[in-house]
Amino acid sequence: MITTIFSHQVLALRRQRVLLVLVAAILLATALAGALGWSSQSTIVRVFDEATRQLAASGAPAPPNPFLLKPHLSLLSNMVVYIPLVGALFAVILGHISIADEESSGLGRLLFSRSMSRAQYTTGKILSLALVLAGLLLASFAVSLAALLLVNQGISVADLGRLSLFYTLSWLYLVPFALIGMITVLLTTSRSLALLSAMGAWLVITFAVPQFTSGLRPTQSLNPIIEPIGLSQAFFQATAKAQPLSIVEQYKAASAAILDTAPSVAVMDTVARVMPLLGFVAILTVAAFALVRTHDFSRSASHE
């Protein structure tokens, strides 16, 4: 029965062409990250070549090529921003659709007329979402690899391993957002309210929590010269202590360490940054199983 739910969910997404749209969007975002990285690199290389010619004409030694000192995977540094924003939003939509469509069509009332437990239903749903997200990231991985091969004229085995590890971490980061999309449908009585609630959770996790735990006022991110003062300073100093619980901040820091675009850190420090994310996935998974077990799938969704 788990396989039945799994295959049905993947087929339903394909029939709605949701997968096609999401794959196209994630490929576009990945290509944009590669294009921006290439544009930045080519601009700096032209400036370096011109400076080298001028220094050679004056008899001065040329400085080292700046890109020989940069990590090769820095070309894809924008993906560390795109995945928490765009990828997480796609995951929320997928999780929402996986339950909301059955609520609206009435299919949920028919599923449990068969010899299927709610645990099997939940397992099949979560596995299907995890597989779809893995497929999206695999497509993004292919475009990223092509960009690196094109711009850097090759990729080392070590960099290939780092890139693979980065996308594995990204997959783990997106799974809880798909679970949020599921859970909000199970907690609300309206499909539109469920989607709005899921979007609210995405906004809080992606924007609000990192802002609070950064220890900065919103205006300080625009003008870093001005220091927070008074009560505001005390507030952000307090909220900064919760930074280890911000999965966005921990994901970005771990990704930078994996891609080698940040100062070197110990492996255990990177592993420690992943632990809050694993805990978040575990909590949401338990919540999804508990809510499906008590959810009334016989309710009518005619008002939708």
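Of the numbered criteria (1) among the hydroxyl-bearing types (Ser, Thr, Tyr); (2) closer than 24 Å to residue 86 by Cβ; (3) at pLDDT below 80, the one residue 42 fails is (2). Does residue 224 satisfy being in contact with a Lys or Arg (Cβ under 7 Å, 6 or more places away or on another chain), at pLDDT below 85, surrounded by fewer than 19 Cβ atoms within 10 Å (Cβ to Cβ) and assigned to a loop (DSSP other than H, G, I, E, B)? Against the criterion (in contact with a Lys or Arg (Cβ under 7 Å, 6 or more places away or on another chain), at pLDDT below 85, surrounded by fewer than 19 Cβ atoms within 10 Å (Cβ to Cβ) and assigned to a loop (DSSP other than H, G, I, E, B)), residue 224 does not qualify. Within the range 239-277, restricting attention to residues that are at pLDDT below 80 and assigned to a loop (DSSP other than H, G, I, E, B), the residue that is nearest to residue 78 (Cα to Cα) is 261.
Which one is nearest to the chain's Cα centre (by Cα), of the residues in the range 244-279 that are of a type in the set (D, E, K, R) and surrounded by fewer than 18 Cβ atoms within 10 Å (Cβ to Cβ)? Break it down into steps so the answer makes sense when it comes.
Keep residues of the range 244-279 that are of a type in the set (D, E, K, R), which gives 249, 252, 260, 269, 273.
Now restrict to residues that are surrounded by fewer than 18 Cβ atoms within 10 Å (Cβ to Cβ): 260, 269.
Details: 260: 18, 269: 20 Å.
It comes out as 260.
Whether any residue in the range 100-111 is within 25 Å of the chain's Cα centre (by Cα), on the phi < 0 side of the Ramachandran plot and at pLDDT 85 or above is what I want to check. Scanning the range 100-111, I find at least one residue that is within 25 Å of the chain's Cα centre (by Cα), on the phi < 0 side of the Ramachandran plot and at pLDDT 85 or above, so the answer is yes. So which of 174, 187, 160, 165 is surrounded by fewer than 17 Cβ atoms within 10 Å (Cβ to Cβ), under 18 Å from residue 273 (Cα atoms) and at pLDDT 90 or above? Of 174, 187, 160, 165, the one residue that is surrounded by fewer than 17 Cβ atoms within 10 Å (Cβ to Cβ), under 18 Å from residue 273 (Cα atoms) and at pLDDT 90 or above is 165.
The values are calculated or read from the model by the stated rules, or taken from the named source; none is laboratory data. Because the structure is predicted, anything quoted here is derived from the model rather than measured. Cβ sites come from the backbone with ideal geometry, for glycine too, and all protein chains shown count toward neighbours.
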